[in-house]
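Bear in mind these aren't lab numbers, they're just calculated from the coordinates by the rules spelled out. Everything numeric in this text was worked out from a predicted model, so none of it was measured. Virtual Cβ from ideal backbone geometry, glycine too; neighbours counted across all protein chains shown.
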Ligand code: FES
């Protein structure tokens, strides 16, 4: 497969960026999108040019490190992570635009790499439980109703890739934050911090400069793990409940 790639190049956070065009040949349909970028980088290095910087770690769709906008879509044409996207979704002769996540709260570090540490700070503000840790407790020591366990698992699937933010026309982080809030708020182990968790994480999300949510729904469409839009409405209910309880 022969492709024309138009890739965002930006030397550092303070530099101006621009799209650069590259021609690449020998791409097979079984290559992942990141392997295709690897092939481009090998070519650039052999030519003495600077390789394209992009984020990745597991390359198995579980760490959330990868993520670029491909032809205008977060993670590209499939509902999966960029590392799990294969070149069979493209045709010989295609031109592919590759850009970093575009969001005010995700500043570009270099080329396709953005700083997503705002997510870490949201987690740090309340995405944990204070239950004592140590040896694994007896499995039935704390009964968890089946619907609550299912809901916790569903929300725990969020890998924090940031596609929801990149896809949102407002640059909002509501889907990410709601997944992390709901994951713990539905469990008995998360009950002691139920109110402070949602209040603090939403406040931190706002402080980080993410946009306001208008329930456009693009986030849930782009999410590679299928976090539903109802996650946001559930968090809104939690937030209202906590606000009333706190007398705010
Ligand atoms: S590199 Fe880990 S999810 Fe893509």
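Observations, loosely collected:
- Over all pairs of different C-alpha atoms, the stretch 1-66 has a mean inverse distance whose reciprocal, the Kirkwood radius, equals 13.2 Å.
- Segments 83-94, 189-200 sorted - mean Cβ within 10 Å per residue, highest first: 189-200, 83-94
- Computed over the stretch 189-248: relative contact order in percent, which uses C-alpha pairs under 8 Å that are six or more apart: 54
- Note on the stretch 128-189: the alpha carbon radius of gyration divided by the globular reference 2.2 N^0.38 Å gives 1.37.
- Inter-centroid distance (Cα atoms) of the stretch 1-76 relative to the stretch 168-209, Å: 32
- Calculated [θ] (222 nm, deg cm²/dmol) that DSSP helices of n ≥ 4 give over the chain, each run adding -39,500 (n - 2.57): -10500 deg cm²/dmol
- Approximate spin-label separation residue 139-residue 109, in nm, with each point projected 7 Å along Cα-to-Cβ: 3.9
- Cα gyration tensor shape of the stretch 124-164, rounded if a/c is under 1.5, else prolate or oblate by comparing a/b with b/c: oblate
- Once the Cα atoms are used to define both axes, helix 174-185 deviates from the longest principal axis of the chain by about 40 degrees.
- The relative contact order of the chain comes to 19 percent, based on Cα pairs under 8 Å that sit 6 or more residues apart.
- Cα→Cβ-extended label distance, 7 Å offset, between residue 9 and residue 29, nm: 3.2
- Cα-based helix-to-principal-axis angle, 230-245 vs the chain, degrees rounded to 10: 40
- Taking the C-alpha atoms only, the angle from helix 194-207 to the longest principal axis of the chain is near 40 degrees.
- In units of the rule-of-thumb radius 2.2 N^0.38 Å, the stretch 1-126 shows an alpha carbon radius of gyration of 1.06.
- Shape parameters for the stretch 196-236, alpha-carbon atoms, Rg then Dmax in Å: 11.2, 29
- The relative contact order of the stretch 51-160 comes to 22 percent, based on Cα pairs under 8 Å that sit 6 or more residues apart.
- Gaussian network model of the chain, Cα within-10 Å springs - most flexible of 235, 201, 31: 31
- When the Gaussian network model of the chain links Cα atoms closer than 10 Å, the mean-square fluctuations of 121, 237, 102 top out at 237.
- Counted residue by residue at 0.36 nm each, then reduced by the alpha carbon distance between them, the extension gain from residue 240 to residue 45 reaches 64.8 nm.
- Using every pair of distinct Cα positions in the chain, the Kirkwood expression returns a hydrodynamic radius of 19.5 angstrom.
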